[in-house]
Amino acid sequence: MKTITAAAIAEMVNGVILGDANTTCTGVSGVKDAAAEHVSFVGSKKYQHQLESTRAGIILINKDLEKAPLNGRTFIVCENVDWAFARVLEFFAPEPIVYAPGIHPAAVVDPSAKIGLNVHIGACAVIDREAEIGDNTVILPGAYIGVAAKVGRNCYIAPNAVVMFRCTLGDKVIVHPGVVIGGDGFGFVPGPQGLVKVPQTGIVEIGNDVEIGANTTIDRARFGKTRIKDNVKIDNQVMIAHNVEIGESSILVAQCGIAGSAEIGRGVILAAKAGINGHITIGDGVQVAGTSSVVKSLPAGAIAVGTPAETQREFLTRLNLPKKMEKLQAKLEALTAELEKLKAEQQ
Amino acid sequence: MKTITAAAIAEMVNGVILGDANTTCTGVSGVKDAAAEHVSFVGSKKYQHQLESTRAGIILINKDLEKAPLNGRTFIVCENVDWAFARVLEFFAPEPIVYAPGIHPAAVVDPSAKIGLNVHIGACAVIDREAEIGDNTVILPGAYIGVAAKVGRNCYIAPNAVVMFRCTLGDKVIVHPGVVIGGDGFGFVPGPQGLVKVPQTGIVEIGNDVEIGANTTIDRARFGKTRIKDNVKIDNQVMIAHNVEIGESSILVAQCGIAGSAEIGRGVILAAKAGINGHITIGDGVQVAGTSSVVKSLPAGAIAVGTPAETQREFLTRLNLPKKMEKLQAKLEALTAELEKLKAEQQ
Amino acid sequence: MKTITAAAIAEMVNGVILGDANTTCTGVSGVKDAAAEHVSFVGSKKYQHQLESTRAGIILINKDLEKAPLNGRTFIVCENVDWAFARVLEFFAPEPIVYAPGIHPAAVVDPSAKIGLNVHIGACAVIDREAEIGDNTVILPGAYIGVAAKVGRNCYIAPNAVVMFRCTLGDKVIVHPGVVIGGDGFGFVPGPQGLVKVPQTGIVEIGNDVEIGANTTIDRARFGKTRIKDNVKIDNQVMIAHNVEIGESSILVAQCGIAGSAEIGRGVILAAKAGINGHITIGDGVQVAGTSSVVKSLPAGAIAVGTPAETQREFLTRLNLPKKMEKLQAKLEALTAELEKLKAEQQ
């Protein structure tokens, strides 16, 4: 079991100790669950009350917090608690799981596939014909890399993830379990005997340093490419339709969905469950609130809320309608009363 | 083919027969599709009309229903039709599929894994190193149990489900196909070269008697645990983010999502597609309506509707705004007319 | 590399050439990304400006478009650009991936399973006991076909898809990766020791020519069948609960969800993220807008928008409330002013 003193933490995070520098902890915890053997943190004034009540032995606190009675605890005042606590977390973090280079005897690698150096391929992972896997990449059990698909270097493909034929992944791509890259786009045209499938002959192209959350799906293009550019971060259960393009460093939070051929700029944030209509353009740096549905193109920097999405100001106006309506009704009643009075006086 | 008489059913469910006790049926059906050889049921007055028209040979009816002409059919009046029909369903249910103890030759079990007694492990299931599987547990084809993960006794892990490293499941846990337990939480901080991944070093801890629907994802904690407590029932395609805690016996219906570090109490019901913001607290017994998004903490017993969620009363007020507006407009016009009249009289 | 002349395209699509019939292209592209070696298209007046600016060498244009300067480009005027461009796409489409008949040595087929003629079964796919696979069907790596499940002829079951026990698929069914057919329905009743699972003893029955998108889940019936009829097209991450019935040729777009026992008619369109309550009936040809939640049954042909869903007219009324409110307020203020004036005059 690892142990650390308040003095060692203060040195590690460049903090100032209030209390006993020799206090020793053996783990980390959130403030609410913490016991005397835990390091914890309080990062903002909003949680000041937790600083009073927590039982943690050592507490990292932001320098703008009001002091609280020590009561036998030790505080470490920090410039940036988030950064400081991350250092403590690293100290206590369990050993990372290592997947050593090598191909498990129960993995199935087609003889025509090209496998780089130091690659790990787990049991029951299947690398189909003409697929290419870059150096140092880890492919875990049950994952499938399709015909002529390309996975770059230093990638991590989690168990039961699927990369379909001809799709390409850059370097340092993280693909979580159950992800599907390159399923067919959803396209049909009416025909004499019902709906006729539109062939989806394109691919998905994923840049470098992209992370894709569990059970997310990214469809292949009707033709050409569905493009996820460098540094895009995608949460779980996100749906990206065919021919969508996502600009660098955009963030797509869980369960959001982007319809076909939408173009998402750089540094865009789509909060959880947001939806983007097909064939529209979302400018750089746009932020879309959770569960909001964007139905029209948005210029760079816009903030969109609601369904259909509007500006924050419009959304707040709508939110306040019931109160406004009540005031209006009260005024109307007052006016009616006055008019009655006036009429009465006249007679 | 199994057959049963009305008399036998009446005895089984403690019901009272109206009509021919010797009527025989060979299966069950919903009232609409039922034929003479089927047992069916009508449980509430809302479906009284279906009692008139159904062709089922034997119909279980709740005691508070009005009688309908038998027309050759047999009714069985019950105290609790739901319970009674469940008994009939059990009688007719097909033999349950049995997965006999044993490890399939095409399963891959690491030599360091600990496998309990009477465990079934299907073809192409992979049990990674140091994993532990409790007695009587069934692990179906293609499922993956990660490094040092622990699955309790009498669990059922369906095909292609994934339990990632170090996560733990209690006893009698049911995990449906495609579920992902222990994917990384979604956490990034801005860095000089773009977004930097925050290591997710915690686990997911699942209690006893939990059921998890197909393709649901539960992320591992940033540190510590994402906790799903005993008896929680989770439907398909639910998303539970890192460090969330779900209290005992809560029910999460399909496609709902819970953001990071939210605390959900006991006996909470989140209806389909509901969303819960991060870092908020949902009290015991709270009910959130379908598609509603809760953005603030809720006290025990609250009922929340809409986006952003409000009380039922507030929601109904908002729903009625168009009608109220019309009335207000009519009143305003009447008042205007009166004022005009008054002015005319004055001149 | 394939090449084609404008003359050859014009012949293929029955179009009229404006410009140089000898222009040659080697690929297709969207108008925005196109270079001189690409064939592209402009289908509607909305995109007229793109016709001015695109660098594509050959552009298919709809006959109702205004002409633009050729600037060295060649236009081909078509009756139906969508159809025409689809022909060009077919010409340039990469060779389709062929999965030749045969069972991979690493596939696991139970001896009691019945496998048709010309079936392809990929590595680590598992066909469980008594399952039946029809002629010409392709089952890709990691897919699981459960005990006594039946898959028809000419089906395509993608990697890591799951068909659970006893479920049945018709002919020409396309199942994308990660799909789960036949997970348990979500049903519990309160018991003395907490929630008690209601056995889900029915199946899922899927008709012919159905397509099911990646990571979609379709639950087995409580008893009887969850039914997906012929020609239904289902996008990614759709959730279909137990005992639902979907009529012929209906279209369910990504992330929509249908609660238990709902009956969906023929030719219905549920747009992305739409939700349908349980136990209601949606008539033939109904269209539900994206993210809308339908809580009451709808007659054939209805169009439903919003949450809870209402008619387009009602939805627009609601959308316009803020503007209407402002007008009302202005009128009220004018009236108040007039009344004041009247009162002043009277004194």
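Taking the criterion of being touching a Leu at 6+ places or on another chain (Cβ under 7 Å) and within 23 Å of A:Ala254 (Cα to Cα), would at least one residue in segment B:165-188 satisfy it?
Going through segment B:165-188, the residues touching a Leu at 6+ places or on another chain (Cβ under 7 Å) turn out to be B:188.
Now narrow it down to the ones that are within 23 Å of A:Ala254 (Cα to Cα): B:188.
Yes; the residues of segment B:165-188 include at least one that is touching a Leu at 6+ places or on another chain (Cβ under 7 Å) and within 23 Å of A:Ala254 (Cα to Cα).
So which residues in segment B:114-138 are touching a Cys at 6+ places or on another chain (Cβ under 9 Å), free of Cβ contacts under 8 Å to residues at least 24 places away in the same chain and outside any loop (DSSP other than H, G, I, E, B)?
Passing the criteria: B:Val126, B:Ile133.
Can you name the residue in segment C:139-150 that is aliphatic (A, V, I, L, M) and either more than 24 Å from the chain's Cα centre (by Cα) or not in a loop (DSSP other than H, G, I, E, B) (or both) and is also farthest from the other protein chains (Cβ to nearest Cβ) among such residues?
From segment C:139-150, those aliphatic (A, V, I, L, M) are C:139-140, C:143, C:145, C:147-149; that's our starting set.
Narrowing further to those that are either more than 24 Å from the chain's Cα centre (by Cα) or not in a loop (DSSP other than H, G, I, E, B) (or both): C:139, C:145, C:147-149.
Working: C:Ile139: 13, C:Ile145: 10, C:Val147: 5, C:Ala148: 8, C:Ala149: 11 Å.
So, considering only residues that are aliphatic (A, V, I, L, M) and either more than 24 Å from the chain's Cα centre (by Cα) or not in a loop (DSSP other than H, G, I, E, B) (or both), the one farthest from the other protein chains (Cβ to nearest Cβ) is C:Ile139.
May I ask you to verify whether A:Ala84 is in contact (Cβ under 8 Å) with a residue 12 or more places away in the chain and in a loop (DSSP other than H, G, I, E, B)?
Numbers: in contact (Cβ under 8 Å) with a residue 12 or more places away in the chain: yes; in a loop (DSSP other than H, G, I, E, B): no.
It is false that A:Ala84 is in contact (Cβ under 8 Å) with a residue 12 or more places away in the chain and in a loop (DSSP other than H, G, I, E, B).
Under the condition of being in contact (Cβ under 8 Å) with a residue 40 or more places away in the chain, more than 14 Å from chain B (Cβ to nearest Cβ) and buried (at least 24 other Cβ atoms within 10 Å of the Cβ), which residue from segment A:151-171 is nearest to C:Pro159 (Cα to Cα)?
Across segment A:151-171, the extreme among qualifying residues is A:Met164.
Among the residues of segment C:220-257, what is the count of those that are polar (S, T, N, Q) and not in a loop (DSSP other than H, G, I, E, B)? Break it down stepwise before answering.
Within segment C:220-257, the subset polar (S, T, N, Q) is C:226, C:231, C:236-237, C:243, C:249-250, C:255.
Keeping just the survivors that are not in a loop (DSSP other than H, G, I, E, B) gives C:226.
Result for segment C:220-257: 1.
Counting just the residues of segment B:214-231 that are within 14 Å of chain C (Cβ to nearest Cβ) and more than 19 Å from B:Val162 (Cβ to Cβ), which one comes out surrounded by the fewest Cβ atoms within 10 Å (Cβ to Cβ)?
Ranking the candidates gives B:Asp230 first.
Report, by residue number, each residue of segment B:151-170 that is within 23 Å of A:Val126 (Cα to Cα) and outside any loop (DSSP other than H, G, I, E, B). Break it down into steps so the answer makes sense when it comes.
Quick first cut of segment B:151-170, residues within 23 Å of A:Val126 (Cα to Cα) only: B:157-165.
Once the filter is applied, which keeps residues that are within 23 Å of A:Val126 (Cα to Cα) and outside any loop (DSSP other than H, G, I, E, B), segment B:151-170 yields B:Ile157, B:Val162, B:Val163.
Which residue pairs have Cβ atoms closer than 6 Å, lie 6 or more positions apart in sequence or on different chains, and pair a first residue in segment B:297-313 that is exposed (fewer than 15 other Cβ atoms within 10 Å of the Cβ) with a second residue that is not β-branched (Val, Ile, Thr)?
B:Pro299/B:Gly283; B:Ala300/B:Gly283; B:Ala300/B:Asp284; B:Ala300/B:Gly285; B:Gly301/B:Gly285
Looking at (1) modelled with pLDDT under 90; (2) under 29 Å from C:Lys2 (Cβ atoms); (3) not β-branched (Val, Ile, Thr), can you tell me which one C:Ala56 breaks?
Of everything listed in (1) modelled with pLDDT under 90; (2) under 29 Å from C:Lys2 (Cβ atoms); (3) not β-branched (Val, Ile, Thr), C:Ala56 misses just condition (1).
So, in segment C:296-311, of the ones that are closer than 21 Å to B:Lys324 by Cβ and out of contact with any Ser or Thr (no Cβ under 7 Å at 6 or more places or on another chain), which residue ends up nearest to the other protein chains (Cβ to nearest Cβ)? Spell out how you get there, then give the answer.
Our first condition is that a residue be closer than 21 Å to B:Lys324 by Cβ; within segment C:296-311, this holds for C:305-311.
After this cut, where a residue has to be out of contact with any Ser or Thr (no Cβ under 7 Å at 6 or more places or on another chain) as well, the list is C:310-311.
Values: C:Glu310: 9, C:Thr311: 12 Å.
Only one residue fits best here, namely C:Glu310.
Specify the residue that is farthest from C:Arg220 (Cα to Cα); the eligible residues are those in segment B:180-193 that are part of a loop (DSSP other than H, G, I, E, B) and at the interface with chain A (Cβ under 8 Å from one of its Cβ atoms). Give the derivation first.
The initial filter retains those residues of segment B:180-193 that are part of a loop (DSSP other than H, G, I, E, B), namely B:184-187, B:192-193.
Cutting the leftovers down to at the interface with chain A (Cβ under 8 Å from one of its Cβ atoms) gives us B:184, B:186.
Working: B:Asp184: 30, B:Phe186: 32 Å.
Checked segment B:180-193; the qualifying residue farthest from C:Arg220 (Cα to Cα) is B:Phe186.
Which ones in segment A:64-89 are among the basic types (Lys, Arg) and either farther than 16 Å from A:Gly19 by Cβ or modelled with pLDDT of 90 or more (or both)?
As a first pass, look at segment A:64-89 and keep what is among the basic types (Lys, Arg): A:67, A:73, A:87.
Correct list: A:Arg73, A:Arg87.
Which condition number in (1) more than 14 Å from chain B (Cβ to nearest Cβ); (2) surrounded by 19 or more Cβ atoms within 10 Å (Cβ to Cβ); (3) under 22 Å from A:Ser53 (Cα atoms) is the one that A:Asn22 fails?
Result: A:Asn22 passes all but (2).
Mind checking which residues of segment C:312-328 are at the interface with chain B (Cβ under 10 Å from one of its Cβ atoms) and more than 23 Å from C:Ser292 (Cα to Cα)?
C:Lys324, C:Met325, C:Lys327, C:Leu328
Tell me which residues, restricted to segment B:103-114, are within 14 Å of chain A (Cβ to nearest Cβ) and either in contact with an Asp or Glu (Cβ under 7 Å, 6 or more places away or on another chain) or modelled with pLDDT under 95 (or both). If you could, list the steps in order and put the result at the bottom.
Residues of segment B:103-114 within 14 Å of chain A (Cβ to nearest Cβ): B:103-113.
Correct list: B:Asp110, B:Ser112, B:Ala113.
Residues in segment B:67-81: is at least one free of Cβ contacts under 8 Å to residues at least 60 places away in the same chain and either within 30 Å of C:Ile127 (Cβ to Cβ) or acidic (Asp, Glu) (or both)? Quick ask: steps written out before the conclusion?
From segment B:67-81, those free of Cβ contacts under 8 Å to residues at least 60 places away in the same chain are B:67-73, B:75, B:80-81; that's our starting set.
Right, trim to either within 30 Å of C:Ile127 (Cβ to Cβ) or acidic (Asp, Glu) (or both) and you get none.
So far as segment B:67-81 goes, no, none of its residues is free of Cβ contacts under 8 Å to residues at least 60 places away in the same chain and either within 30 Å of C:Ile127 (Cβ to Cβ) or acidic (Asp, Glu) (or both).
For B:Phe223, work out the one condition from (1) at pLDDT below 95; (2) in contact with an Asp or Glu (Cβ under 8 Å, 6 or more places away or on another chain) it doesn't fulfil.
In the conditions (1) at pLDDT below 95; (2) in contact with an Asp or Glu (Cβ under 8 Å, 6 or more places away or on another chain), B:Phe223 misses (2) alone.
Test C:Ala93 against the stated conditions and say whether it is modelled with pLDDT under 95, within 30 Å of A:Arg166 (Cβ to Cβ) and touching a Pro at 6+ places or on another chain (Cβ under 7 Å). Working first, answer last.
Working: modelled with pLDDT under 95: yes; within 30 Å of A:Arg166 (Cβ to Cβ): yes; touching a Pro at 6+ places or on another chain (Cβ under 7 Å): yes.
Criteria met by C:Ala93.
Taking segment A:281-295 as the search range and keeping residues that are within 12 Å of another protein chain (Cβ to nearest Cβ) and assigned to a loop (DSSP other than H, G, I, E, B), which one is surrounded by the fewest Cβ atoms within 10 Å (Cβ to Cβ)? Talk me through it step by step, then tell me what you get.
To start, the set of residues in segment A:281-295 that are within 12 Å of another protein chain (Cβ to nearest Cβ) comprises A:281, A:289-295.
The next check asks that each one be assigned to a loop (DSSP other than H, G, I, E, B); those that pass are A:289-292, A:295.
Numbers: A:Ala289: 24, A:Gly290: 23, A:Thr291: 28, A:Ser292: 26, A:Val295: 16.
Looking at the filtered set, the residue picked out is A:Val295.
Looking at segment C:44-62, can you tell me whether even one residue there is more than 24 Å from A:Ser261 (Cβ to Cβ) and in a helix (DSSP H, G or I)? Steps first, answer last, please.
Residues of segment C:44-62 more than 24 Å from A:Ser261 (Cβ to Cβ): none.
Among the residues of segment C:44-62, not one is more than 24 Å from A:Ser261 (Cβ to Cβ) and in a helix (DSSP H, G or I), which makes the answer no.
Assess whether C:Leu270 counts as being crowded, with 16+ Cβ neighbours inside 10 Å and facing another protein chain (nearest Cβ under 9 Å).
Values: crowded, with 16+ Cβ neighbours inside 10 Å: yes; facing another protein chain (nearest Cβ under 9 Å): no.
Against the criterion (crowded, with 16+ Cβ neighbours inside 10 Å and facing another protein chain (nearest Cβ under 9 Å)), C:Leu270 does not qualify.
Hey, can you tell me all the residues within segment C:139-150 that are surrounded by 24 or more Cβ atoms within 10 Å (Cβ to Cβ) and either charged (D, E, K, R) or in contact (Cβ under 8 Å) with a residue 40 or more places away in the chain (or both)? If you could, list the steps in order and put the result at the bottom.
Kept after step one, since they are surrounded by 24 or more Cβ atoms within 10 Å (Cβ to Cβ), are these residues of segment C:139-150: C:139-146, C:149.
Matches in segment C:139-150: C:Leu140 only.
Look at B:Ala337 and say whether it is part of a strand (DSSP E or B), more than 25 Å from B:Gly224 (Cα to Cα) and more than 9 Å from every other protein chain (Cβ to nearest Cβ). Outline the logic, then answer.
Working: part of a strand (DSSP E or B): no; more than 25 Å from B:Gly224 (Cα to Cα): yes; more than 9 Å from every other protein chain (Cβ to nearest Cβ): yes.
It is false that B:Ala337 is part of a strand (DSSP E or B), more than 25 Å from B:Gly224 (Cα to Cα) and more than 9 Å from every other protein chain (Cβ to nearest Cβ).
What are the residues in segment A:181-206 that are buried (at least 19 other Cβ atoms within 10 Å of the Cβ), touching a strand residue (DSSP E or B) at 6+ places or on another chain (Cβ under 6 Å) and free of Cβ contacts under 8 Å to residues at least 60 places away in the same chain, if any?
Across segment A:181-206, the qualifying residues are A:Ile181, A:Gly182, A:Gly183, A:Leu195, A:Gly202, A:Ile203, A:Val204, A:Glu205, A:Ile206.
This table checks each residue for (1) within 14 Å of chain B (Cβ to nearest Cβ); (2) aromatic (Phe, Trp, Tyr); (3) more than 30 Å from B:Val109 (Cα to Cα).
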site	(1), (2), (3)
A:Gly72	no, no, yes
A:Cys78	no, no, yes
A:Pro101	no, no, no
A:Ala123	yes, no, no
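Return a yes/no flag: does segment C:204-213 have any residue that is assigned to a strand (DSSP E or B), within 14 Å of chain A (Cβ to nearest Cβ) and under 26 Å from C:Glu130 (Cα atoms).
Of the residues in segment C:204-213, the ones assigned to a strand (DSSP E or B) are C:204-206, C:211-212.
Within this subset, residues satisfying the condition of being within 14 Å of chain A (Cβ to nearest Cβ) are C:211-212.
Narrowing further to those that are under 26 Å from C:Glu130 (Cα atoms): C:211-212.
Yes, segment C:204-213 contains a residue that is assigned to a strand (DSSP E or B), within 14 Å of chain A (Cβ to nearest Cβ) and under 26 Å from C:Glu130 (Cα atoms).
Among the residues of segment C:261-268, is any acidic (Asp, Glu), closer than 21 Å to A:Gln237 by Cβ and either modelled with pLDDT of 95 or more or not in a strand (DSSP E or B) (or both)? Even if it seems obvious, please write down each step before you answer.
Residues of segment C:261-268 acidic (Asp, Glu): C:263.
Imposing the further condition that a residue be closer than 21 Å to A:Gln237 by Cβ reduces the set to none.
No: zero hits.
The values are calculated or read from the model by the stated rules, or taken from the named source; none is laboratory data. Everything numeric here is computed off the predicted structure, so don't read it as measured data. Note: ideal-geometry Cβ built from the backbone for every residue, glycine included; neighbour counts use all protein chains shown.
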